[in-house]
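Okay, so here's the structure we're looking at.
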Amino acid sequence: MTRPTTDETISSPGVPKRARSEPGVQSQPLYLSKKLPAARIPATVRLLHAIPWVLVALPALYQLVLLATAIAGRVGYPYDLEWMEGGMLHHALRIKNGEGIYVPPSIDFIPYLYT
């Protein structure tokens, strides 16, 4: 293995070699440039920016808790919850089987549109 001469530059695999000091060429490629440190934002300003988000998030989280409570209470319930639930189940089964739910009434199926 030969040693590189002074004109060659060693680079890692996949990283292009840097250009030597040519006019108009940066010493570091753009993707390797270092970012300036971010300015510290005072805690009171950060808190004031967070308050609207918290005010929006709390009711949304409350609604999710209510939904989870309702679902948990109904999952194990062995009976229909309302008089149309069986029909909705039948409609869902027809959709799953690729059948229409808004078809002319027949002996086998009468959609809610006609009742």
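The values are calculated or read from the model by the stated rules, or taken from the named source; none is laboratory data. These figures come from a predicted structure and were not determined experimentally. Heads up, the Cβs are rebuilt from the backbone with ideal geometry, glycines too, and the neighbour counts pull from every protein chain shown.
Pull out all pairs, ordered by first then second residue, where Cβ-Cβ is under 8 Å, the residues are six or more apart or on different chains, the first lies in segment 65-86 and is in contact (Cβ under 8 Å) with a residue 24 or more places away in the chain, and the second is not small (G, A, S).
M84/Y112
Could you give me the residue pairs with C-beta distances under 6 Å whose first residue belongs to segment 88-100 and is assigned by TED's automatic domain parsing to the domain that holds P111, whose second residue is among the β-branched types (V, I, T) and not in a helix (DSSP H, G or I) wherever it lies, and which are 6+ apart or on separate chains?
Short answer, once both residue conditions are applied: H91/I101; R94/I101.
Being of a type in the set (S, T, N, Q) and modelled with pLDDT of 85 or more is true for just one of S27, S21, S106, S11. Which residue is that? Give the steps one after another, and end with the answer.
Numbers: S27 fails: modelled with pLDDT of 85 or more; S21 fails: modelled with pLDDT of 85 or more; S11 fails: modelled with pLDDT of 85 or more.
Of the residues listed, the single one that is of a type in the set (S, T, N, Q) and modelled with pLDDT of 85 or more is S106.
Are any residues in segment 68-100 in a helix (DSSP H, G or I) and of a type in the set (D, E, K, R), and if so, which ones? Step through it out loud before you land on a result.
Step one: of segment 68-100, the residues in a helix (DSSP H, G or I) are 68-75, 85-96.
R74, E85, R94, K96 - these are the residues of segment 68-100 that are in a helix (DSSP H, G or I) and of a type in the set (D, E, K, R).
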